[in-house]
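Structure first, then comments.
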Amino acid sequence: MIRRFINKVFGNTSRSKAAAGPRILPLAAHGIRREQIHPCALKTTRALKEAGFSAFVVGGAVRDLLLGREPKDFDVATNALPEQVRQVFRRSRLIGRRFQIVHVYCGADTIEVTTYRAASAEKEVESDEEDDSRVTAADGMLLRDNVFGSQAEDAERRDFTVNALYYDPETEEVWEWHGGVEDARKKVLRIIGDPVQRFREDPVRMLRAARFAAKLDFHIDPATRAPIAELASMLERIPSARLFDEMMKLLLSGHAERGVRQLRAEGLHHGILPMLDAILDDANRQKFLHAALHDTDERVREGHSASPAFMLACLLWFDMEAEWRRNQATGQSDQAALYDAMDAVLERQRDALAFPRRFDGTIKEIWSLQSRFEQRSGARPFRLLSHPRFRAGYDFLLIRAKGGDAAQELADWWTRFPDASDSEREAMLIKPQPGTAKPKRRRSRRKPDGEAAIEVKLG
Ligand code: ATP
Ligand code: MG
């Protein structure tokens, strides 16, 4: 119903366009020069062509070059079968089981080579021994997707028009099947084919739409956008590990602030990251989240790495703090309250999100360092400086200060302290007033030496 309505209103021609063959654009029409292609990708396409196959640079790299951005990585698509690709390159390896790709190595670089794939899922295929290559569930979700095909078919199974561009470094031509070059110029993110069908096949494409729109600063074409709100709940059935990966791509893309705004605008933020729901419904938490996303975006754009653990520590901080306080109120010692809170919050999230346990250690360290920043007398600040996670803990403190969750004065103090001279540091230390009670800190039920006990054991 929705599909028919959308087709009627917006037209749905991008798939039928492919029947006419590719539009081949010369250098003057797109401006991507051979020298902009990674030497390893050049070597790969050249060798495949010399062996008699067709080979193109494809996907995100062509899109990014077209937009004047630096590609993250270069992928190659070819009509050679994986085994044939293997035979062309001495230094290469078959990866994956169900859908094999080949990694071609040049020095330290790797190029991913995929054989053209076909997957239209237009007809439902029963899962049986003979043909289990393309299987869809009753609701149209693509369960398996591993048939080789032509370049036309390969283009058709890609998600967005700007992601279905093929660049031939030898001729410096772009082959397009779905109008991606024009869409890039107009900054439109348009799904290939029928939006309802494509989102049903793979609901993660909805998240990808939000991610690319944010990253590329595109707007989502109205026909592509129209069914998203209604189909958003299909994301509930995506395995949580895949959702987690996709969300981390969005949050660590360098465009997370805009990405989260885009998710909200599309009604996609419910249910994918439960803590995101809670954060976005609360003004204080929102302020903190935006400080965290802003900061992470800046770091990524400056070429630094951003870690999933740090992002998770940010996203879950309020839950953890609330739980910590609740535990303290029941009479637990400060340290026990903290440990229990950290474990409880991480376990709850794991049920919902299946994020890997390997992040737990870092997340807990970042959290447990926070109260140690409040201790600014004696030898403690010096000990904290040499903690292996000092930097991550400090970055987290800065975000808390920006988000209104810690005193700016405290953050500034820790900005100055590491670089200060010995005498300056001495002067900065907060001296306990003789004869007066110890200054009451937040969570001051800690034993005098509690700080050491608060160190987190890595699991
Ligand atoms: P990025 O720069 O963020 O990596 P990308 O376009 O390279 O962007 P990838 O997730 O690396 O994105 O995927 C590579 C290509 O594979 C895409 O350009 C797209 O053509 C295709 N693709 C990836 N995921 C899907 C999907 N869920 N449905 C259809 N096509 C997809
Ligand atoms: Mg990519």
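Overview of results
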{"item": "Neighbourhood net charge (12 Å Cβ-Cβ; Lys/Arg +1, Asp/Glu -1) for residue 326", "result": "-3"}
{"item": "Contour excess over end-to-end distance, with Cα ends at residue 409 and residue 34 and 0.36 nm allotted per residue", "result": "129.7 nm"}
{"item": "Residue-span extension gain [residue 270 to residue 357] - 0.36 nm each, minus C-alpha spacing", "result": "29.0 nm"}
{"item": "Entries of 287/431; 187/249; 215/402; 215/287; 364/402; 186/402 with Cα pairs more than 30 Å apart", "result": "287/431; 186/402"}
{"item": "Rounded to whole Å, sorted largest first: equivalent-ellipsoid semi-axes of the range 308-428, Cα gyration tensor", "result": "28, 16, 13"}
{"item": "Sites residue 428 and residue 109 - FRET efficiency at Förster radius 41 Å, r taken between beta-carbons, to 0.05", "result": "0.30"}
{"item": "Gain on full stretching of the segment that runs from residue 326 to residue 186 - 0.36 nm per residue minus C-alpha separation", "result": "45.2 nm"}
{"item": "Residues of the range 404-426 with amide N under 16 Å of the 7 Å Cα→Cβ point at residue 391", "result": "415, 418-419"}
{"item": "Point-charge dipole on Cβ atoms (K/R +1, D/E -1) for the range 308-428, about Cα centre, debye to 20", "result": "220"}
{"item": "Proximal charge balance of residue 344 [Cβ under 14 Å; K/R count +1, D/E count -1]", "result": "-3"}
{"item": "Cα-based radius of gyration of the range 193-252 once divided by 2.2 N^0.38 Å, which approximates compact folds", "result": "1.09"}
{"item": "Modelled FRET efficiency - R0 45 Å, residue 152 with residue 304, Cβ distances, 0.05 increments", "result": "0.65"}
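Read-outs throughout are calculated quantities, based only on the coordinates presented, and are distinct from any laboratory measurement. Just so we're clear, the structure is a prediction, and the values are computed from it rather than from any experiment. In this analysis, Cβ positions are derived from the backbone assuming ideal geometry, glycine residues included, and neighbour counts consider all displayed protein chains.
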